[in-house]
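Asker: Before we start, here is the structure in question, set down as structure tokens.
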Amino acid sequence: MSLEVINRHSEALFEFLWCPVCGHEGFSHIPFEGMFCKNCNTQVVLQESRENRGYEEAVLACFNTDSTWNLHVDKKLHRDLPDGSARVKVLGAPDDYEVDWWSPKPDEDWEPVERGEFDDMEEPDEVSHLA
């Protein structure tokens, strides 16, 4: 008997996604645990959307900071999620994805970190040894 592996989401989707907590684009898959941001360990769970409005793919990416490290150390290099979680709906096809909406909706109290927003900032010495 062999185990059949079903890839429900393309690698291109993970190349499009970024972490709304720290802005990094890399994710690691830990078997039987899930997908996590390589930089801050924020977990991302993907779900098929109930409606796709004619797009090839319609996916909900649910981010959760329960497993995120170093959030208490330096607020300059990340932005915590409201109540520890947020969702983004992504529509499109490989090489043509777009964000449809964020939940909760970004406002004056919370904005997701943009892709690479903190890339040019130096990590303080007191933070670098904790990761």
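The values are calculated or read from the model by the stated rules, or taken from the named source; none is laboratory data. Everything numeric here is computed off the predicted structure, so don't read it as measured data. For neighbour counting, all protein chains shown are included, and Cβ atoms are generated from backbone atoms with ideal geometry for every residue, glycine included. Side chains included, ligands, DNA and RNA excluded: accessible areas come from the protein's heavy atoms. Shrake-Rupley method; radii C 1.70, N 1.55, O 1.52, S 1.80 Å.
Asker: Can you find even one residue in the stretch 68-79 that is modelled with pLDDT of 85 or more and in a loop (DSSP other than H, G, I, E, B)?
Answerer: Checked against the condition, which is being modelled with pLDDT of 85 or more and in a loop (DSSP other than H, G, I, E, B), the stretch 68-79 yields no hits at all.
Asker: Still on this model: Please determine whether any residue of the stretch 34-51 is open to solvent by 80 Å² or more (accessible area, probe 1.4 Å) and either aliphatic (A, V, I, L, M) or more than 21 Å from Trp101 (Cα to Cα) (or both).
Answerer: yes
Asker: Further, regarding this structure: Can you tell me which of (1) closer than 15 Å to Arg87 by Cα; (2) among the hydroxyl-bearing types (Ser, Thr, Tyr); (3) loosely packed, with under 14 Cβ neighbours inside 10 Å is the one Ser28 doesn't meet?
Answerer: (1)
Asker: Separate question: Quick check: is even one residue across the stretch 54-66 at pLDDT below 85 and open to solvent by 80 Å² or more (accessible area, probe 1.4 Å)?
Answerer: No, that holds for no residue.
Asker: Taking Arg50, is it of a type in the set (Lys, Arg), closer than 22 Å to Ala93 by Cα and modelled with pLDDT under 85?
Answerer: no
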